[in-house]
Every structure is written in structure tokens, then in C-alpha cells.
Amino acid sequence: MRPTMTGLLVCALALPGASAVAQADPAPLPLVSLTTIPAGWTQRTDLRPVLQIFPDGTAVHMPDAASKDRKPETAPKKVTGKVAGEAISAARDEINALKDTDFGIPTGENRGTQIIDLMPEDSTDDAHLVVYSPEASDGLNPEQKAARKRFADLYKKLVDAFKS
């Protein structure tokens, strides 16, 4: 029976216009993604972005994505909404201004990470801002502290710009 079924599948795939696999449109990629990885979460595999903003301004906010109270087997709550075009444009400018910035790495144990990803259609313009131990400042110089403040302000502005 198996050889017959295999033969029929091969024949079906050989016919012009035939396809055994449904072709789905790929899911759209977010333009901007904000991710927080709390301290102690290095072993968790259920990390999700806190906010994803798509090119048309639609957005998905997962307010409990980084909550220590959310159990690993529980998916984060998803709220769909919008981020205004002006906020997106200002964020893109600030992300690009920060993309070559040294945020430093504080001394001490890993105390989490925050990430802002800009992923426009032209991947040569991608920018990935990563701040390790965002709450810490031990061993950082004044320029690194100022850069971290700009990063934190941008992160907060984007989360605050989300409207459901």
C-alpha cells in the first residue's frame, strides 16, 4: 500500500499546477520589536517581545511577556492596537542615531537584557540595540550612562505610544 501511495504522490506533484503543500503568505515581520529578558530568565524558552510594531502602525503588546508571575507554560496576553506614524518615525530616527553607540556592560552578574530591533524591508538598514543589565551602572562611564538613558527613554516612549 505504501509504494502505491508514494507513487500517487509523486505523480500528483509532477502534474503541472499540482501542489501537495498549501502555500501560505508568510507572516509579516515587525518593523520594530522591543524585548525584555529579566534577570534569571536565561534558561526560559518562552521569551516573547513586549511590543511588536508593524510598518502600517498596527502593533501587538504583550504586557506580561517579561512578568516573573507568568508561568513558562502560559502564553503571554496579547493586546492588538496601533502606534502613531509620528512615533514610529521618531523612533526610527533615534534607533538609527543609537545603532553604533557603546552602551557598556556593567560589572557584576547578568541582571537581564533589553533589546530594540529595527527590521525594515531593506535588511541593510537593520539595527539591533542591546543593553545588558539595564538597571545597573557599575563600571560605566558618563557617556555609556547617557546612552543607556536615551535607550530607556526610547523603549518607554514606544511602549507608551501603544494604543489599544
Exercise. Leu47: accessible area at probe 1.4 Å, nearest 10 Å²?
Worked result: 50
Exercise. Does a label point 7 Å from the Cα of Glu143, set along Cα-to-beta-carbon, have any residues of the stretch 71-111 with amide nitrogen under 19 Å, and which are they?
Worked result: 95-107
Problem set entry | Per-residue SASA entry for Thr45, accessible area with 1.4 Å probe, Å² rounded to 10 | 130
Exercise. Going from most exposed to least, what order do Tyr155, Tyr132 have by accessible area with a 1.4 Å probe?
Worked result: Tyr132, Tyr155
Exercise. Ranked by accessible surface with a 1.4 Å probe, highest first, in what order do His128, His61 come?
Worked result: His128, His61
For this session: Mind checking the full-extension length gain between Ser89 and Ala39? Use 0.36 nm per residue of separation minus the Cα-Cα distance, one decimal, nm.
Result: 14.9 nm
Exercise. Round to a whole number: what % of the accessible area of the stretch 61-123 belongs to carbon and sulfur, probe 1.4 Å?
Worked result: 48
Problem set entry | Links that overshoot a 19 Å alpha carbon limit, given the list Lys82/Lys157; Lys71/Lys157; Lys99/Lys156 | Lys71/Lys157
Seminar exercise, completed: For the stretch 36-164, dividing by residue count, accessible area per residue (probe 1.4 Å) in Å² works out to 59
Problem set entry | Accessible heavy-atom area order of Ile105, Ile37, highest first, probe of 1.4 Å | Ile105, Ile37
For this session: Quick one: accessible surface of Thr107, probe radius 1.4 Å, all protein chains present, in square angstrom to the nearest 10.
Result: 80
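The values are calculated or read from the model by the stated rules, or taken from the named source; none is laboratory data. As the structure is a computational prediction, the values presented were derived from the model and not from experiment. Cβ sites come from the backbone with ideal geometry, for glycine too, and all protein chains shown count toward neighbours. Surface areas here come from the heavy atoms of the whole protein model, side chains and all, with no ligands, DNA or RNA. Shrake-Rupley method; radii C 1.70, N 1.55, O 1.52, S 1.80 Å.
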